[in-house]
Amino acid sequence: AALLDRFQRMVRKRSADHLAEWLDAAATSPLASFARGLMADQAAVLAALREPWSNGQTEGQINRLKMLKRQMFGRAGLVLLKARLIGTAS
């Protein structure tokens with residue numbers, strides 16, 4: 001629980017200063033699998049913690065469109081799908 005709290009604080013404060021220490025501590029904990037995933041792409045994790053920008057808005061829109069597509073699969077043609085997408089955009 002303490003390791004999870006430390007990681008959440010790092011993400012919320014956008015502080016990469018103690019990431020290496022956290023990864024070492026997490027490597028022998030129940031969070032070891034998660035830590036290995038972070039280590040595999042450590043450059044991206046550091047960039048996410050240090051950089052002021054995020055692609056969260058873009059990912060959210062993509063997720064919304066994919067969800068609508070899945071909901072509409074097999075129900076109707078492109079006309080209904082287009083109407084549904086336009087209706088959710090407003």
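Some notes on this structure:
- Hits in region 9-21 - residues which are closer than 16 Å to residue 47 by Cα and not acidic (Asp, Glu): 10, 11, 12, 13, 14, 15, 16, 18, 19, 20
- Residue 78, sole failed condition from (1) modelled with pLDDT under 90; (2) within 21 Å of the chain's Cα centre (by Cα): (2)
The values are calculated or read from the model by the stated rules, or taken from the named source; none is laboratory data. All values derive from a computational prediction rather than experimental measurement.
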